[in-house]
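The values are calculated or read from the model by the stated rules, or taken from the named source; none is laboratory data. Just so it is clear, the model here is predicted, and its values are computed rather than measured. Heads up, the Cβs are rebuilt from the backbone with ideal geometry, glycines too, and the neighbour counts pull from every protein chain shown. For accessibility, only protein heavy atoms count, side chains too; no ligands or nucleic acids. Shrake-Rupley method; radii C 1.70, N 1.55, O 1.52, S 1.80 Å.
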Amino acid sequence: MNYTKINNVLGWACAIIATVTYMLTAERSTSWWDCGEFIASAYKMQVVHQPGAPLFLMIQNIFSNLAGGDVTRIAFWMNVGSGVCSGITILFLFWTITALARKVVTKSVDGTYSSVDLIKIFGSGLVGALAYAFSDTFWFSAVESEVYAMSSLCTAVVFWGILKWENHADEPGADRWLIFIAYVMGLSIGVHLLNLLVIPAIAVVIYFKRAKTITSKGAIQSFLLGVVVLAVILWGIIQYSVKFAAYFDLFFVNTLGLGFGSGFTFFVVLLVALLAYGIWYSIKKVKPILNIVMISASFIIFGYSSFAMIMIRAKANPTLNNSDPENAFTFLSYLGREQYASEPLFKGPNFDSKVTGVEPTYSYRKIKISIQKSRQDLLTNTIKKFYSLVCIVIEMVILAIIRTI
C-alpha cells in the first residue's frame with residue numbers, strides 16, 4: 001500500500017471516529033444560546049440576526065428533512081449536521097498535518113519513505129487530528145446547531161487547498177487550486193467570517209513557494225499584502241459592493257423614476273460585465289496575475305451570492321425577520337450590523353454622559369406621491385433618461401475596447 005492510500009484510509013478513519021462520536025453525543029434538543037434561533041430559522045428559512053448565515057441555514061434545512069416530519073427531532077438532526085461538518089473537518093485536518101509532516105521528514109535516496117518515516121508522518125496526523133477532535137471547544141461546537149462547526153470545515157478545506165497548491169505549484173493548471181480556495185471563501189461568507197483570517201497565512205505560503213530569494217522583509221511584506229486582501233474582501237466586496245448597489249437603486253428610483261430594484265439589477269449586470277471584460281483583457285494581453293485575480297474575485301462574489309436568500313426570504317415576511325432586509329438599503333444596514341451601536345474602547349462617552357450630536361436618520365422606503373404629470377409624460381421622460389444613460393455606458397465601453405486594441 002503506497003503513501004496516498006495510507007493517507008486516505010487513516011484520514012477517513014479519523015473522520016468516521018469523530019463523526020460517530022459527535023452523533024452519539026449530539027444535543028437532543030437545543031443549547032441555551034443562539035442555537036434555538038438558528039434551528040427555528042433554518043427549519044422555516046427565516047432571517048437570523050445580523051450579519052446573517054444564509055448558506056448555513058440552507059444546509060441545515062437539508063438535515064432537518066431527516067427528521068421525517070417529526071418536529072420534535074428537527075433540532076437533533078440539525079445538531080447531527082454540525083457533527084458531520086466537524087467530522088469532515090477532522091479529515092482535512094489530518095491531511096493538513098501529514099502534508100506538513102512530509103516537509104520535515106526527509107526521503108531516502110530512492111525517493112521513498114522508510115517504515116519509521118511513515119510512522120512519524122501518520123502518527124503525527126493521528127495524534128494531532130484526534131486530539132483536536134476530542135478537545136473541549138471543538139467537541140462542544142460539534143454537537144450543537146451553530147455556525148462554528150461549518151465555519152471550521154471551510155477553514156480546514158481552505159488551508160488544505162493551499163497546501164495542495166503548494167505541492168503542485170510547478171505543474172500546469174496548478175492555479176486552479178487558488179480558484180477553488182476563492183470559491184470556498186466566498187461560500188464561507190454565508191456561514192461566518194472566521195475563514196477570512198486564513199488569507200494572510202495563504203499569502204505567506206505563496207511567497208515561500210514563488211519567491212526566488214526568501215527574506216524576512218519579503219515574508220513580512222507578503223503577510224501585510226494578505227492583510228490588505230483580507231480588508232478588500234471584508235469591506236470592498238462584502239460591504240461596498242452592496243453599498244454601490246444601494247445607491248444605484250436610489251438614483252434609478254428617485255432620479256430616473258424607474259421601479260424599485262431596477263438600479264440594483266443594473267449594478268449586478270454592470271459588475272458581471274466588468275468582471276467578464278477584466279478576464280477577457282487579461283487573456284488577450286497575457287497577464288496571468290491579473291487573470292487569477294479577476295477569476296478569484298468572480299468566484300468569491302459567486303459564493304457570496306448565497307446572501308440573495310436573505311433578501312428573498314425577507315420579502316416573504318417570515319415570522320423571524322431581523323431588520324427586514326428586503327431592499328438594498330435595509331440589506332446594507334443588515335450586513336453592517338447597524339442595529340448594534342458602536343462602543344469605542346479608547347475614546348467616546350462615559351456611562352453617565354448625556355446624548356449629544358445626534359443626527360437625523362433617513363429611511364429608504366416606498367411612499368405614495370401625487371403625480372402632476374400624466375402617466376404618458378412620466379413614461380416618456382423616464383425612457384429618455386434611461387436611453388441617455390445607456391448611451392453613456394455604451395460609449396464608455398466602446399472607448400475602453402478601442403484603447404485596449
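Taking 0.36 nm per residue of separation and subtracting the current Cα-Cα distance, fully stretching the chain between Leu271 and Gln221 would add 15.0 nm. Mean separation of Cα pairs under 8 Å and 6 or more residues apart, divided by the residue count, gives region 1-158 a relative contact order of 35 percent. Measuring r between the beta carbons of Ser353 and Phe251 and using R0 = 30 Å, the FRET efficiency lands at 0.20.
Rounded to 0.05, the FRET efficiency of the Ser305 and Val71 pair, given R0 = 22 Å and the Cβ-Cβ distance, is 0.10. When the listed pairs Lys120/Lys164; Lys5/Lys120; Lys107/Lys209; Lys164/Lys209; Lys107/Lys212; Lys44/Lys315 are checked against a 18 Å cut-off, the alpha-carbon distance exceeds it for Lys120/Lys164; Lys107/Lys209; Lys107/Lys212.
Summed over qualifying helices (DSSP H, 4 residues or more, each -39500 (n - 2.57)) and divided by its residue number, the chain shows a 222 nm mean residue ellipticity of -21500 deg cm²/dmol. The angle between the Cα long axis of helix 74-104 and the longest principal axis of the Cα atoms of the chain comes to about 60 degrees, rounded to the nearest 10. Using alpha carbon centroids, what distance separates region 142-182 and region 282-303, in Å? So the separation of the two Cα centres works out to 18 Å.
Maximal additional length on extending the Tyr240-Leu290 stretch stands at 15.9 nm, based on 0.36 nm per residue less the C-alpha distance.
Using θ = phi - 60° in the Karplus curve 6.51 cos²θ - 1.76 cosθ + 1.60, the 3J(HN,Hα) couplings for region 263-268 round to x, 4, 5, 4, 5, 4 Hz; x is entered for Gly and Pro. Rounded to the nearest 10 degrees, what's the angle between the helix 3-24 long axis and the longest principal axis of the chain, both from Cα atoms, 0 to 90? Taking the Cα atoms of the chain, the angle to 3-24 is about 70 degrees.
Computed over region 65-143, the Cα gyration tensor eigenvalues convert (square root of 5λ each) into semi-axes of 38, 12, 8 Å, ordered from largest to smallest. Taking the accessible area of region 205-274, probe 1.4 Å, and keeping the other protein chains in place, the carbon and sulfur fraction comes to 75%. When we measure straight from the Cα of Lys243, which aspartates and glutamates land under 16 angstrom away, once same-chain ones fewer than 8 places off are left out? Reachable aspartates and glutamates: Glu326, Glu338. Accessible surface area normalised per residue over the chain is 59 Å², counting heavy atoms of protein chains with a 1.4 Å rolling probe.
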